[in-house]
Amino acid sequence: MALSDFNQEIYLVITTEVDKKNASKLADLLLREKLIPCVTFKNVESHFWWKGEINQSKEVQLMIKCKEENVNKVCNKISEWHSYELPEIIYFRVSANKNYHQWVNSI
């Protein structure tokens, strides 16, 4: 594949959850509402400031793929259903190959 085959844009939304159960619950909600076609889980360890103290926690990172027209809905659903008081919600535009782009946009 040539680099020009990867010029189709989709969105990647990243958040973390306290455990696999909550991550799966959030992913299932987004999938059932057909806001996303796919989400990937990864176990991570986070170190962060919270309420004046340095903390660390084992979490599950969700890498959520979606089409442009759903990115705001996805972020709003994460805010609404997340188990954390202040969830991490980061999103950015990424390039995908044509076939993957078509699949993401078919949902």
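The values are calculated or read from the model by the stated rules, or taken from the named source; none is laboratory data. Bear in mind that the values here come from a model prediction, so they are computed numbers and not experimental data. Glycine also receives a Cβ, built like all others from the backbone with ideal geometry; neighbour counts cover every protein chain displayed. Just so you know, the surface numbers come from the protein's heavy atoms only, side chains and all, with ligands and any DNA or RNA stripped out. Shrake-Rupley method; radii C 1.70, N 1.55, O 1.52, S 1.80 Å.
Structure notes:
- Mean Kyte hydropathy of 0.5 or more with a Cα span along the axis of at least 24 Å, helices from DSSP in the chain: none
- Loop trypsin sites (Lys or Arg not before Pro), region 36-87 (other Cβ atoms within 10 Å of the site Cβ: 14 or fewer; DSSP): LYS51
- Heavy-atom accessible area, probed at 1.4 angstrom with all protein chains present, ranks TYR100, TYR91, TYR11 as TYR91, TYR100, TYR11, highest first.
- FRET efficiency for ASP19 and PHE92, using Cβ-Cβ distance with R0 set to 41 Å, rounded to 0.05: 0.95
- Highest-fluctuation residue, ILE90, ILE78, ILE14 considered, GNM on the chain with Cα pairs under 10 Å: ILE90
- Ordered from largest to smallest accessible area (heavy atoms of protein chains, 1.4 Å probe), the residues LEU86, LEU29 come out as LEU86, LEU29.
- Using a Förster distance of 25 Å, the FRET efficiency for SER46-ASN76 (Cβ separation, nearest 0.05): 0.60
- Largest to smallest accessible area among HIS47, HIS82, HIS101 [probe 1.4 Å]: HIS47, HIS101, HIS82
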